[in-house]
Amino acid sequence: MSERIFDGKSLSDTSKLISALNMVLNENPEGIAPPEQFGFSAVIQTDKTELHSSGFDFEFNIPFDDDTVPNESTITIFNLSGNTVNNFKTGNELTVIAGYGDDTGVVLKGKISAVKTKHSGVDKITTVYVLDNADYSNIDIVEQTFSGGATASYILKSLLERLKLNIAVFEVQRDHTYESDVSVKGSITDAIKKYAAVCGVSVYIHKLQIYCRPIWKGDNIHFTVCAETGMIDSPEPFEEENTNEEYKDSVTGYNINMLFQHRMATAAIVDVSSKDYKGTYRVCSGTHSFDGLSAITEIKCIENITTSIVVTDSSNSSKINEGDNSPSASSSSMAESVMQVAEAEIGTSETGNNNNKYGKALGQNGVPWCGIFVGWCLQQGGLGLPNFNYASATAFAYAAQKNGWGTYHAQGSGYTPKRGDIFVRGYNGSDFNSDAHVGFVRSSSGGSFVTVEGNSSNKVNTRTLNTASYTFVTPPYPVSSGSGSTGSGGGWVTGHVATTYGYGGDDNGVCGWNGLNYHNISGCHVAIPTYCVKQADCYNSIWAKEDYPELANGYGIILEVRSPDTGKTVRAVTADCGNFGKHNTYNHNAALDLPPNTFNALGLGHGTYDIEYRVVGKVSSWNGEQV
């Protein structure tokens, strides 16, 4: 037992365990330990020693968060022998395992960065500092220049590759295109943090692998934080604002104190239940601490992120939402028709065991019917039945993300849903999830939206949900005249390829609009499938809307076209057509054909490439000048 127990001096470095025991011994000569100490145990391990809290007096403070800057934990150990102190060497691995009874887990695994020992009175105090991953802060970028047209996601991935670790996940929820050259220099961790913020992602290293994913993505640990599982007091709400390039993020969440819980870690998805707050949140940071007497875990959880786009000109700044001036309004009369159909069904109940009028009409009665209701409304409203398994809720998100059916808006992207959009719960990248759900957006305001949904409490229901918890899809509604998208708020269409001049079944290099030759055009343009062009004899509105709804208006659409391979983006007008696309003779996966002026601007050669594009405007006439 430490001599400090019998030392009457007041020492600032005395651990709380020893202080408590001193107090107990003074008040209780039988030396009964306080009940808070029972059940908790911790173990410190290195390759040469193992210290148990039952036999050694120590404390720790272990922080964690979701960036690439290593966290430094401190472990304070009292009255170790010289030989034991020598077992803690700089550069050696150290692990801390802690918990209650048999329910223990690893809360720290890292490398010792420093060991310091001092004496205070009769006590010898050894502090061990541990980094939870390699320290990359000293890696400086001499200077790297990315040419104009590069995206923030391309720069971020290039920086992560410099760490020479496996990138386990790389997924961004938004992007920014830099018109001028971008010079990156200085600390690599600072640069990663900057471009991660622009892309709306968290980047962290876990077990020597890099994870880059939207901040809402995480790992469900199937744990509820509540009074019964150790919550201390009520969660404390917080609000933060951050601006990165044109994106302004307003973050809300809660700080929560609880008894030690080893499951709490970066990106843990947890349920929280208290008298004041209930919900499912993502842990972004926290601390595990043990003062020798009590063990506490503090976590910071994100509830919601609302993203607005800030446009700055020479005189002022203003916030804009994606698309229409009204965040809840639809730009399509067909979307309104579909919603009127859906709203007329509110209150309609099934007759038992998933039997309902919608499944009966579509020949799919007696099965879960939320997706069937959506398909029925789309058909009744004039868009027609989707060309995929609409009975599966996640199939709507899958078709949008992978096959270009409508426009895909990832969960946590900051997108403001509009009337007529489809919401999807439980999308995991697959076209089927038995726990998923789907319905329509009736209206939205702030961080919530109102639904119309089938198979909700066994009927067509309406309720209010949290926007940040769902994926959204804008179906391929035809855009009403005069209401085309302006600005750069449209969602990126992915999952297609583009061919380059001579590879896509083009029409011999003659521009379809005004007869301009490819080589005489000073600006950039692209060719689209012939059946998307209203001026063409083979125009087919049904095929166009099914396959490429963004291109269904034919010539004069202004696109931003992006190459994932080079990271470059160009602005181009649809001004030509070719015999390619899903319903044509040549490359069925191609949505665009790129003439030399466009594929050169993207840094591509001849061939077939993955491509992404989005609609940013419409022109009424075009004479070959840059748009």
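What residue, of Thr117, Thr104, is in contact with a Lys or Arg (Cβ under 9 Å, 6 or more places away or on another chain) and surrounded by fewer than 19 Cβ atoms within 10 Å (Cβ to Cβ)?
Values: Thr104 fails: in contact with a Lys or Arg (Cβ under 9 Å, 6 or more places away or on another chain).
Being in contact with a Lys or Arg (Cβ under 9 Å, 6 or more places away or on another chain) and surrounded by fewer than 19 Cβ atoms within 10 Å (Cβ to Cβ) holds for just one of Thr117, Thr104, which is Thr117.
Can you name the residue in segment 535-546 that is in contact with a helix residue (DSSP H, G or I) (Cβ under 8 Å, 6 or more places away or on another chain) and either open to solvent by 20 Å² or more (accessible area, probe 1.4 Å) or in contact (Cβ under 8 Å) with a residue 60 or more places away in the chain (or both) and, of all such residues, is farthest from Lys402 (Cα to Cα)? Steps first, answer last, please.
Filtering segment 535-546 for residues in contact with a helix residue (DSSP H, G or I) (Cβ under 8 Å, 6 or more places away or on another chain) gives 536, 538-540, 543-544.
Those left that are additionally either open to solvent by 20 Å² or more (accessible area, probe 1.4 Å) or in contact (Cβ under 8 Å) with a residue 60 or more places away in the chain (or both): 536, 538-540, 543.
On the way: Ala536: 28, Cys538: 27, Tyr539: 25, Asn540: 23, Trp543: 18 Å.
So, considering only residues that are in contact with a helix residue (DSSP H, G or I) (Cβ under 8 Å, 6 or more places away or on another chain) and either open to solvent by 20 Å² or more (accessible area, probe 1.4 Å) or in contact (Cβ under 8 Å) with a residue 60 or more places away in the chain (or both), the one farthest from Lys402 (Cα to Cα) is Ala536.
With respect to Thr104, determine if the residue is among the polar types (S, T, N, Q) and closer than 17 Å to Pro63 by Cα. Don't jump to the end; show me each part of the working.
On the way: among the polar types (S, T, N, Q): yes; closer than 17 Å to Pro63 by Cα: no.
Against the criterion (among the polar types (S, T, N, Q) and closer than 17 Å to Pro63 by Cα), Thr104 does not qualify.
From the list Gly429, Gly420, which residue is in a loop (DSSP other than H, G, I, E, B), farther than 30 Å from Glu239 by Cβ and without any contact (Cβ under 8 Å) to a residue 60 or more places away in the chain?
Values: Gly420 fails: without any contact (Cβ under 8 Å) to a residue 60 or more places away in the chain.
The unique qualifying residue is Gly429.
Return a yes/no flag: does segment 554-564 have any residue that is in contact with a Lys or Arg (Cβ under 9 Å, 6 or more places away or on another chain), among the small types (Gly, Ala, Ser) and not in a helix (DSSP H, G or I).
In the first step, residues of segment 554-564 are kept if they are in contact with a Lys or Arg (Cβ under 9 Å, 6 or more places away or on another chain); the result is 554-562.
The next check asks that each one be among the small types (Gly, Ala, Ser); those that pass are 554, 556.
Narrowing the set further to residues that are not in a helix (DSSP H, G or I) leaves 554, 556.
Yes: segment 554-564 contains one or more residues that are in contact with a Lys or Arg (Cβ under 9 Å, 6 or more places away or on another chain), among the small types (Gly, Ala, Ser) and not in a helix (DSSP H, G or I).
For the list (1) open to solvent by less than 20 Å² (accessible area, probe 1.4 Å); (2) out of contact with any Leu (no Cβ under 7 Å at 6 or more places or on another chain); (3) in a strand (DSSP E or B), I need the number of the one condition that Gly110 fails.
All conditions pass for Gly110, except number (2).
Which ones in segment 455-468 are of a type in the set (Gly, Ala, Ser), out of contact with any Asp or Glu (no Cβ under 8 Å at 6 or more places or on another chain) and crowded, with 16+ Cβ neighbours inside 10 Å? Break it down stepwise before answering.
So in segment 455-468, the residues of a type in the set (Gly, Ala, Ser) come out as 456-457, 468.
Going one step further and asking which of them are out of contact with any Asp or Glu (no Cβ under 8 Å at 6 or more places or on another chain), we end up with 456-457.
Once the filter is applied, which keeps residues that are of a type in the set (Gly, Ala, Ser), out of contact with any Asp or Glu (no Cβ under 8 Å at 6 or more places or on another chain) and crowded, with 16+ Cβ neighbours inside 10 Å, segment 455-468 yields only Ser456.
Filter segment 155-188 for residues that are open to solvent by 70 Å² or more (accessible area, probe 1.4 Å) and either touching a residue at least 40 places away in the same chain (Cβ under 8 Å) or within 25 Å of Gln209 (Cβ to Cβ) (or both); which is nearest to the chain's Cα centre (by Cα)?
The residue in question is Lys157.
Taking segment 379-417 as the region of interest, how many residues are within 20 Å of the chain's Cα centre (by Cα), closer than 23 Å to Ala361 by Cβ and outside any helix (DSSP H, G or I)?
Of the residues in that region, 1 qualify.
Return the residues of segment 547-586 that are acidic (Asp, Glu) and either buried (at least 24 other Cβ atoms within 10 Å of the Cβ) or under 26 Å from Pro386 (Cα atoms) (or both); say none if nothing qualifies.
We begin by selecting, within segment 547-586, every residue acidic (Asp, Glu); these are 547, 550, 560, 565, 576.
Matches in segment 547-586: Asp547, Glu550, Asp576.
Which of the residues that make up segment 389-407 are open to solvent by 10 Å² or more (accessible area, probe 1.4 Å) and modelled with pLDDT under 90?
Result: Gln401, Lys402, Asn403, Trp405, Thr407.
Across segment 45-71, which residue is surrounded by the most Cβ atoms within 10 Å (Cβ to Cβ) among those that are closer than 18 Å to Ile112 by Cβ and either among the hydroxyl-bearing types (Ser, Thr, Tyr) or without any contact (Cβ under 8 Å) to a residue 60 or more places away in the chain (or both)?
Leu51
Filter segment 587-603 down to the residues that are within 12 Å of Ala498 (Cα to Cα) and surrounded by fewer than 20 Cβ atoms within 10 Å (Cβ to Cβ) and list them by number. Full working, then the answer.
Going residue by residue through segment 587-603, those that are within 12 Å of Ala498 (Cα to Cα) are 587-595, 598-599, 602.
Across segment 587-603, the qualifying residues are His588, Asn589.
The values are calculated or read from the model by the stated rules, or taken from the named source; none is laboratory data. It should be emphasised that the depicted structure is a prediction, and the values quoted were computed from it without experimental measurement. Every residue, glycine among them, receives a Cβ derived from its backbone with ideal geometry; neighbour counts consider all protein chains shown. Side chains are part of the model used for accessible areas, which takes the heavy atoms of the whole protein and leaves out ligands, DNA and RNA. Shrake-Rupley method; radii C 1.70, N 1.55, O 1.52, S 1.80 Å.
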